[in-house]
1. Does the range 550-573 include one or more residues that are touching an Asp or Glu at 6+ places or on another chain (Cβ under 7 Å) and within 25 Å of HIS382 (Cα to Cα)?
2. Looking at the range 163-194, which of its residues are charged (D, E, K, R) and either touching a helix residue (DSSP H, G or I) at 6+ places or on another chain (Cβ under 9 Å) or part of a helix (DSSP H, G or I) (or both)?
3. List every residue pair whose Cβ atoms lie under 6 Å apart, where the two residues are 6 or more positions apart in sequence or sit on different chains, the first residue falls within the range 615-634 and is assigned to a helix (DSSP H, G or I), and the second residue, located anywhere, is at pLDDT 95 or above and of a type outside the set (A, V, I, L, M, F, W, C).
4. Give VAL97, VAL68, VAL13 a once-over and let me know the one that is crowded, with 17+ Cβ neighbours inside 10 Å, out of contact with any His (no Cβ under 9 Å at 6 or more places or on another chain) and either among the hydrophobic types (A, V, I, L, M, F, W, C) or over 20 Å from LEU133 (Cβ atoms) (or both).
5. Need the failing condition index for LEU150 against (1) in a helix (DSSP H, G or I); (2) under 28 Å from the mean Cα position of the chain (by Cα); (3) more than 19 Å from ARG63 (Cβ to Cβ); (4) in contact (Cβ under 8 Å) with a residue 24 or more places away in the chain, just the number.
6. With the requirement that a residue be touching a Leu at 6+ places or on another chain (Cβ under 7 Å), in contact (Cβ under 8 Å) with a residue 40 or more places away in the chain and over 25 Å from GLY310 (Cα atoms), what does the range 1-58 give you?
7. Please specify each residue of the range 489-508 satisfying the condition of being within 31 Å of the chain's Cα centre (by Cα) and without any contact (Cβ under 8 Å) to a residue 60 or more places away in the chain.
8. Being in a loop (DSSP other than H, G, I, E, B), more than 16 Å from the ligand (Cβ to nearest atom) and within 21 Å of LEU323 (Cβ to Cβ) is the filter here, so list the residues in the range 363-388 that pass it.
Amino acid sequence: MGSEIQEIKNTIVQRLPSRVQVAKVEFEGPEVVIYTKNPETITENGDLIRDLAKDIRKRIIIRSHKSVLTEPEEAINHIHSIVPDEAKITNISFDDVTCEVIIEARKPGLVIGKYGATSREIVKQIGWAPKILRTPPISSEIIQRIRRTLRKNSKERKKILQQLGNRIHRPITTENEWVRLTALGGFREVGRSSLFMQTSNSKILLDCGVNVAGKDDKSSYPYLNVPEFVLDDLDAVIISHAHLDHSGFLPYLYHYGYEGPVYCTTPTRDLMTLLQMDHIDIAHREDSPLPFNVKHVKKSIKHTITLDYGEVTDIAPDIRLTLHNAGHILGSAITHMHIGDGQHNFVYTGDFKYERSRLLEPAVSKFPRIESLVMESTYGGHEDVQPTRNDAEKNIIKTIYQTLERKGKVLIPVFAVGRAQEMMIVLDEYIRHGIIDEVPIYIDGMIWEATAIHTARPEYLSKDLRDQIFHMGRNPFISEVFHKVNGIEERKNIVEGEPSIILSTSGMLTGGNSVEYFKWLCEDERNSLVFVGYQAEGSLGRRLQKGWKEIPIKEEGKTNVYHVKMDIKTIEGFSGHSDRRQLMDYVRRISPKPEKILICHGDNYKTLDLASSIYRSYKIETKTPMNLETVRIQ
Ligand SMILES: [Zn+2]
């Protein structure tokens, strides 16, 4: 066992007042857990723990020793008498392994209380340390499943975390002299993002995506077969956000024996579980199974450590990780890593949006230090300038207004995560202000579940939305204008019914219910089809954008031709990626200035175009590695 662990334990025991009876000090992953027989003496003295945590530079968790825990039945009564009814507790369960009581409530803030007063009172009376979770206003099957998995496997999870704690705090063997990055996927291309970082002491994988449009295994998955990538040596995987081109290949690592942690935000964990499960489902239905299954998704959930934005965490003996808002989708993160004793600071943007959207705040651009930066270039070409959010909204509202005027229906095919929720916010807003008529808005397919996950994590939404939800008591996602669609009968009623707006997946009309709606609606010239996202070459969406008027679709063995009479519109400006102007702006405003910038996540030409423009405008060294190339950054 490393001496660092012993040293930390000694410091804790020395620093706590003698009346605190320390039963045990343990590492659970990056955190230090103190078990005590009189937890109230510590929790009442908040400064003590804050100062101690600062000194040892670790997060500290206080839990009671088993001997002072109240019987669960009695404990439940105590909780109900301490917590006000308005908190609306929906579930209470006990975890003997961690000595925690898990309280799920509609208003978790009221279980915590002012400055944590209520939760402190709970510990004092029953001993169990409260872990407080939000019960979302729209129930989410995925969140329930994840919580169930974690509850059922608490013992295994604790073992995983303890082993990880020992690994993170192992002694450093050599001095930190260098840092190298190897591009394993998503360089000079979009899809299968994966970046491998090695220091003298540790190895980290950033993102592990698939290219869903890939033709074969070779072009679909990152190059994990390079000799330097050895699963047993890997210290950590960090997932920037839930989209499959960043998270889709993660279960594969667990299939092939990875036993280490995944770091990401809570919404990323929830949303990527949703998308991974769906991916496995679709592949199964199409009879082209993936090289992993649901079991491996579950295994990854057990190994996931969620972090809030701004939380500094040790992930290896020489690396401190902090995640920051990326403004791309819910929970998306910019990764900051502090390597060694201040030797190097590295930032990976993942996908990011440097503009405020209805849903999210713009990407963070201020860091304590940066020497090197890896940034995306999806819209890095000089011609990739998009309209502002404001103009985009005006355009879509105009189209919807005109369609409803002529008694038509509006079909908006969207990707389930991100754009769908932004559309919901926009539509709710314009209906509320009476600018468009109050027609029903139908939400079909996976969008509903993704929206439920958004309602479980309001703290990750934009300030405007948070204000609405927390202070004005108005949650736009549960507005009465939205209706969940259940099954084919309801769909038929919708297309035969009154004017309405339909949000449905898939976003590129490559399958899913959006294609069914299209077939029903396309031959009526009063209707509109509105694209708000990217349409890939070869997709039905792209053909319609190009103006095809006759669409052959294979159905039950024969080909039917659909005659397109509905209005086809493309509204630019709703992208979750920064456009060219925002990318350049980001480099101009990022602080402090990095010495070196590597460009990823863009077509070959856009990657090169952005790199040379950054160099010309700001005189910062840029690099555009290809997949399989390694760059030394320190
Ligand atoms: Zn993305």
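1. yes
2. Residues satisfying the conditions are ARG167, ARG170, ARG188, GLU189, ARG192.
3. Note: pairs meeting the criteria are TYR615/THR622.
4. On the way: VAL97 fails: crowded, with 17+ Cβ neighbours inside 10 Å; VAL13 fails: crowded, with 17+ Cβ neighbours inside 10 Å.
Exactly one residue qualifies, and that residue is VAL68.
5. For LEU150, the failing item is (3).
6. Listed by number, the list holds a single entry, ARG15.
7. ARG491
8. If the condition is that a residue be in a loop (DSSP other than H, G, I, E, B), more than 16 Å from the ligand (Cβ to nearest atom) and within 21 Å of LEU323 (Cβ to Cβ), then VAL364, SER365, PHE367, PRO368, ARG369, ILE370, GLU371 are the ones that fit.
The values are calculated or read from the model by the stated rules, or taken from the named source; none is laboratory data. For clarity, every value in this text was computed on a predicted model and none was experimentally measured. Neighbour counts run over all protein chains shown; Cβ positions are idealised from the backbone, glycine included.
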